[in-house]
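The block underneath contains the structure these notes are about, expressed in structure tokens.
The values are calculated or read from the model by the stated rules, or taken from the named source; none is laboratory data. From a predicted model like this one, the values you see are computed outputs, not experimental measurements. Quick reminder, even Gly has a Cβ in these numbers, built from the backbone with ideal geometry, and neighbours come from all protein chains shown.
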Amino acid sequence: NAGVTQTPKFQVLKTGQSMTLQCAQDMNHEYMSWYRQDPGMGLRLIHYSVGAGITDQGEVPNGYNVSRSTTEDFPLRLLSAAPSQTSVYFCASSYHIAGTNNEQFFGPGTRLTVL
Amino acid sequence: TQLLEQSPQFLSIQEGENLTVYCNSSSVFSSLQWYRQEPGEGPVLLVTVVTGGEVKKLKRLTFQFGDARKDSSLHITAAQPGDTGLYLCAGMEYGNKLVFGAGTILRVKS
């Protein structure tokens, strides 16, 4: 099992450019999510999905789009990059079993810089 | 979104010392998780506490969940350089959503 994989590892963008951060998992997890991590602020939820075809907004969704066409993949799209989106982005996945506390497995992260 | 306050923000101690990290909220969570994160990697789950008053031990790490399920603590006994890292608490909201504290950076010097 590769677990949760993310590409690219590093990315530099210019303001206004768009790009897609890739995330894939091979554990057949229903639940997938995207977080951003900024110094002194912990991880903040951007978008999440409880299954293929279902997505919802988290705490900081503005400027980001997601889709979930398969169980395995959950890409995050930056529509028009801004310097405020400079951050480290983590994808996570878990089972989605009601009434249990499902462990979330995190990818290694993508470090994004927007100039 | 509920908020979790974590303290202290930074902790630098000598090998062999004990330490406690606190995680507090004004809201009730269904469970609370503690993660450890090393530079350049994603967080890794250490423990989940579910029941008010629950205490869990993981070798030299002791985790407590407050009786009212609003706060938690992580106590490390006889810290070692290998304990160095970022420790994050996270409260579980409805629907598997996690709310993270800001984290505690721990440095253990040999």
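The residue that is modelled with the lowest pLDDT, among those in the stretch B:62-84 that are aliphatic (A, V, I, L, M) and surrounded by fewer than 19 Cβ atoms within 10 Å (Cβ to Cβ), is B:68.
If you go through the stretch B:6-17 one residue at a time, do you hit one that is without any contact (Cβ under 8 Å) to a residue 60 or more places away in the chain and surrounded by 13 or more Cβ atoms within 10 Å (Cβ to Cβ)?
No, that holds for no residue.
On inspection, residue B:69 fails the criterion of being of a type in the set (D, E, K, R) and not in a loop (DSSP other than H, G, I, E, B).
Looking only at the stretch A:6-51, how many residues end up being closer than 28 Å to residue B:102 by Cβ and out of contact with any Asp or Glu (no Cβ under 8 Å at 6 or more places or on another chain)?
Counting residues in the stretch A:6-51 that are closer than 28 Å to residue B:102 by Cβ and out of contact with any Asp or Glu (no Cβ under 8 Å at 6 or more places or on another chain) gives 25.
On the given criteria, is residue B:72 away from chain A (no Cβ under 14 Å) and at negative phi? So residue B:72 does not fit the description; no.
Counting only strands (runs of 3 or more DSSP E) that sit wholly inside chain A, those with at least 2 residues that are of a type in the set (Val, Ile, Thr) and more than 10 Å from chain B (Cβ to nearest Cβ) are A:4-7, A:54-57, A:110-114.
Entry remark, the stretch B:86-110: residues being within 14 Å of chain A (Cβ to nearest Cβ) and touching a residue at least 12 places away in the same chain (Cβ under 8 Å) number 17 in total. Scan the stretch B:22-45 for residues that are closer than 30 Å to residue A:112 by Cα, assigned to a strand (DSSP E or B) and touching a residue at least 24 places away in the same chain (Cβ under 8 Å) and the total you get is 7.
Looking at residue A:102, is it in contact (Cβ under 8 Å) with a residue 24 or more places away in the chain and more than 11 Å from the chain's Cα centre (by Cα)? Taking the combined requirement at face value, the residue satisfies it. Within the stretch B:84-97, at least one residue is over 22 Å from residue A:46 (Cβ atoms) and not in a strand (DSSP E or B).
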